[in-house]
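In what follows, a structure is listed as structure tokens, so that the remarks can point back to it.
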Amino acid sequence: MLRPPSARDLRAIAFYSGNIVVWFGVLMLIPIGIGLVEREWQPVLDFATGMGLCLAAGFGLQLFWKGPPPALSGTAGLVSAAVSWLVCLVAGAIPYYLTGYYLTFLDALFDTMSGFTTTGLTLIQDINHLPDSVNTWRMFISWLGGQGMVVLALSFFTRGLPGAYKIYAGEDRDERLLPNVIHTARAVWVVSAAYLMLGTLMAWLAGLSIGLMPGRAFLHGLWMFMAAFSTGGFAPYGQNLLYYHSFAFELVMIVCFVVGSFNFNLHWSLFTGNRQEIRKNLELVTFLITATLLVALGTYGLGQMSVYTNVAGLVRKGFLQLISAHTTTGFMTVYARQLILEWGPAAMVAIVIAMMLGGSASSTAGGFKAFRVGIVFKALVYDLKRLLLPESAVTVQKFHMFRSAVLDDRTARSAMTIILLYVATVAGTTAMGALAGYDFLPALFEAASVTSNVGLSAGLTTVATPWFLKVTYILVMWVGRLEFMSVFALIGYVYAGVRGR
Amino acid sequence: MYQRGLMQVSWRSATLGILTEFACAGVLVLAAALIALLVNWGVR
């Protein structure tokens, strides 16, 4: 039976959510700084307003708790993560809306959620002429959402708050690289900062090679790295990655988003010298196998349809879209309608499956996650063995994920539950697309894209999309990113609170 | 090894770690190029 939240729980949730929102507001100093350098006075004013509102809301929420920081129950931690996301969503949408690049506040909310969840779909207007400060904020919130807003708040702005780990886990993060959660959060940021420097440098060089001026090449390199490593998929121009027309640039981006889709535990293992992990890790092996199979299926389908007539076309268009889908990045080097009109059934099946499978757990990627796919496959093999082999021949099923473990029913059931929830969400979202009058295939494609936080589009996501479908997509992006449990905890809390009174 | 402190990550192991991950992404690109080559050759 659900226990109604106590007044103490609610005040503790308000305290932690307020803490995160305050620091989210402080981060708006970044676009403000860029705007001041570039003399973009209006966006500076818009972001300053947004920052002021965040600080007011954050400090206001913190007033509900007096005394030393409280401890949190597991459910309260999950609810805190979900509430922080919602408050940051509204706070982040305000400066967006004030810039005048959105027709409605709902569109600004859509883009903010798309950024936070590293989806990459956008409803922004006049995208090719955005101020640098707005572009920086778009990419930055995508990067922030990928690394985890809670991780950021924990790593730099908190001092050993006792409820920290509970909120951290609520944001679909379960890595404990180091014994202390604050140190773990900082380790995540050390890894991210190392890649930020290296990836920006590589993208900057690629930008220079295609003739961008050094200053612009740096900004584009920084933006595109943040969009790639967070598996976000935003780009400063409407043509997305196609704008650069450069294989070198595309190659740098592929490396960045493939590495960005890896588990942070894997990054940390490799950073600390445990290079054997890359051979044995169930998740990575599963990802490489599924990626290769889906690329083979998609490329074969494209070959049959004679869409691209040479190897370069198959790699730069076919492979890039497929691996962009599998890592849930959403960078595109083809136009949205080309996918529906030209790609043919086999390639479309490959790309939809790739989107649903997604990247690694505890990474910036969405989808089922390769770990769960690997676990379900191993459980299936084990059940088949039990069915077909004599009892004496069946031993326990093991798997390696940073350490060897025996596959038990609980792990398999948990993986299966999340996969079923994803499939049900995709089915429901497809139905909403059909209700809005779209054909089945584009509706399914877009549903898989928003649920797995991918950002590839079949052309459904435009300013003309019906409002109820935009609201559905916003909710589904949120649910998909937090992997259901935090959102269920919030719904349970609200339900129990209403019922208990 | 798994829970080594933040300060114990050396430049060497971090660099090798990054290179290993890049190599992994490179293998995927090469596999894709090979598949594209085979498809291009086989379908036509």
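Summary table below
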{"quantity": "Value of Rg/Rh across the stretch A:404-451 [Cα atoms, Kirkwood radius]", "calculated": "1.25"}
{"quantity": "Average beta-carbon neighbours from other chains, 10 Å sphere, peptide A:306-312", "calculated": "3"}
{"quantity": "Descending semi-axes in whole angstrom, ellipsoid equivalent of the stretch A:295-417, from the Cα gyration tensor", "calculated": "36, 17, 11"}
{"quantity": "Estimated vicinal HN-Hα couplings, Hz - the stretch A:242-257 in sequence order (Karplus 6.51, -1.76, 1.60; Gly, Pro = x)", "calculated": "4, 3, 7, 6, 9, 5, 4, 5, 5, 5, 4, 5, 4, 4, 5, 7"}
{"quantity": "Relative contact order of chain A, pairs being alpha-carbon contacts under 8 Å that are 6 or more residues apart, as %", "calculated": "17"}
{"quantity": "Hz values of 3J(HN,Hα) by residue in the stretch A:20-34 - Karplus curve (6.51, -1.76, 1.60), Gly and Pro given as x", "calculated": "5, 5, 4, 6, 5, x, 4, 5, 5, 4, 5, x, 5, x, 4"}
{"quantity": "J(HN,Hα) series, the stretch A:126-132, from Karplus relation 6.51 cos²θ - 1.76 cosθ + 1.60, nearest Hz, glycine and proline x", "calculated": "6, 4, 6, 10, 6, x, 4"}
{"quantity": "Per-peptide average of other Cβ atoms within 10 Å, ordering A:33-40, A:443-450 highest first", "calculated": "A:443-450, A:33-40"}
{"quantity": "Extension gain (nm, one decimal) between A:Ser306 and A:Arg8, 0.36 nm per residue minus Cα-Cα", "calculated": "100.9 nm"}
{"quantity": "Residue (of A:Val396, A:Ser133, A:Met355) at the positive-pole extreme of chain A, dipole from beta-carbon charges", "calculated": "A:Val396"}
{"quantity": "Packing-based order for A:13-23, A:88-98, using average beta carbon neighbours within 10 Å, highest first", "calculated": "A:13-23, A:88-98"}
{"quantity": "Normalised per residue, the volume of the convex hull around the Cα set of the protein assembly as shown (Å³)", "calculated": "162"}
{"quantity": "For residues of A:279-289, the mean tally of beta carbons on other chains within 10 Å", "calculated": "1"}
{"quantity": "Average beta carbon contacts from partner chains per residue of A:291-299, 10 Å cutoff", "calculated": "4"}
{"quantity": "nm² value of the averaged projected area, convex hull over the Cα atoms of the stretch A:398-501", "calculated": "9.5"}
{"quantity": "Highest-first arrangement of A:328-334, A:298-304, A:377-383, where packing means the average Cβ count within 10 Å", "calculated": "A:328-334, A:298-304, A:377-383"}
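Throughout, read-outs are computed from the coordinates displayed, never taken from laboratory work. Keep in mind the model is a prediction, meaning the values are calculated, not measured. Every residue, glycine among them, receives a Cβ derived from its backbone with ideal geometry; neighbour counts consider all protein chains shown.
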